[in-house]
Amino acid sequence: MLAKLTEQIEGVALRTAPAGSAWLLGALPPAALAALQRTRFRQTLRLVNEHSRFYRDEFRRRGIRVDQIDHPSDLGDFYTTGEDLRAHGPDAFLTGRPDTAFETTGTTSALPKRVFFSQHELNAMGSASAAALYVLGLRREDTVLSAFDCSFWVSPAVARSALQYIRCFHVEAGKIDPVECYVHAAAYRPSVILGEPSWLVRFAEIAAERGTWPIKMLVAGGENMAETARRQVQHVWGAPVYLNYGQTEAFGSLGLECREQQGYHRNDLHFLFETVGVDDNGYGELVYTTLTRDVMPLIRYRSADMTRLVNDPCPCGLFARRIAKIRARADEMVVCGMGNVGPWVFDELLRGLRVDGHEWQAVITHNGRRDVVELRVEDVRPDVPGIESMLLENLRERFPDFWKNRDMRLYDLRVSPVLPGTLRQGRKLRRLIDQRFLSSEHVIAQNSGRRE
Ligand SMILES: [Zn+2]
């Protein structure tokens, strides 16, 4: 009864203009939200059990009876992983006829994950994103410039869908060289700019040299952003940078920051969130179940992102609870200015070089301007310049996208030789070390007097 009423309120909210929608959804009491989530979860479970080959087979093999399951945590140690998507292919997950597909641009493997969606889902996600952007201050009179990469990536499609509900003027640049983009952008003087964090940093550098115009906000998506980089971009434009947290598997939008910039307000109407393997500080791997997808629903999907669920009220007053800023990737994949890089990328870069087969480790830091990828290679001979130029040659030939990002000065790549035997500490060698967010979190904790 409560769930039905809530669903009707939501239905009205999402058909209403973004202003009314944000207000209506904010008025939902927590019990109503929980009831709605439970109803939607049970519907989704029945749907996948009837139509998805992967879930039907897995549930049967594990003796799971879906009519006895009320919450994802009742499924015990059953999860869906990115590896499942790759190994079984999208067909095994389909529960309806898809209209479109998007891909993850790179992961721990060279094989992309493909995720299918319906137009109905695209509209629902666009309408929810429109409400979130409205709360941040986006209005019909704004001019939006989107620099999101359009190649198989979900974000431009979700942004386009959201903007049609706001009905504001917008232009799409795609992800081109920030220098070239600046020349076009200056003619439109957009009041809102959307782009990837490393791209926005470079764009701000150019704007600092050539001139800025009044901007309302910048919205960054696609990768995490160091707080130093955020402050730098905000300083140049005199406007806030808000981070969106999403994954292609989640149709781009799991949560969006508010004015407080203290974690992402989560999209509880469309997802049920859990964390697993939680440490003493409450951090674990984020796992989500889709609640409203009709073409390729995902049950307990392991995001591979390490974070914390924040249930305390946010100072901004918004009803939606939060996900803390992502701390690290559970599977060693790092999302940075270079792109989405996993250990296999560096194996491939070193293939055929004189140090091929030597131990290596990539350390990602942030120098205050851009991400720095330092590839440490164990070698007794110190003629690194030779290795570095050959490695760059491999980068150009084997990873055109990463090469392009370097051309745009979205990151620095350098090679450092280290003495043999120094990288491995203990039994396992950590191939990728992301040191960007430990220090920036520390800064936030010091500034705000609390840990997020
Ligand atoms: Zn908030």
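Bear in mind these aren't lab numbers, they're just calculated from the coordinates by the rules spelled out. The model shown is predicted, which means the values in this text are computed figures rather than measured ones. In this analysis, Cβ positions are derived from the backbone assuming ideal geometry, glycine residues included, and neighbour counts consider all displayed protein chains.
Computed quantities for the displayed model
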item: Cα extents of the range 100-213 along the three principal axes, largest first (Å); result: 41, 35, 19
item: Computed [θ] at 222 nm, helices only, for the chain once each DSSP H run of length n ≥ 4 contributes -39500 (n - 2.57); result: -12000 deg cm²/dmol
item: Cα-based reach from Lys216 at 30 Å (exclusive), listing lysines while leaving out same-chain residues under 8 positions away; result: Lys175, Lys325, Lys404
item: Value of Rg to Rh for the chain (Rh from inverse mean 1/r over Cα pairs, i.e. Kirkwood); result: 0.97
item: The range 90-194: GluC sites (Glu not before Pro) falling in loop per DSSP and having at most 16 other Cβ within 10 Å; result: Glu141
item: Euclidean distance of C-alpha centroids, the range 271-300 and the range 192-248, integer Å; result: 28 Å
item: Radius 13 Å from Cβ of Arg414, net charge of other residues (Lys, Arg +1; Asp, Glu -1); result: -1
item: Length-normalised contact order for the range 278-418 - Cα pairs under 8 Å, 6+ apart - percent; result: 18 percent
item: Mean Cα-pair separation over length for the chain, i.e. relative contact order, pairs under 8 Å, 6 or more apart, %; result: 14 percent
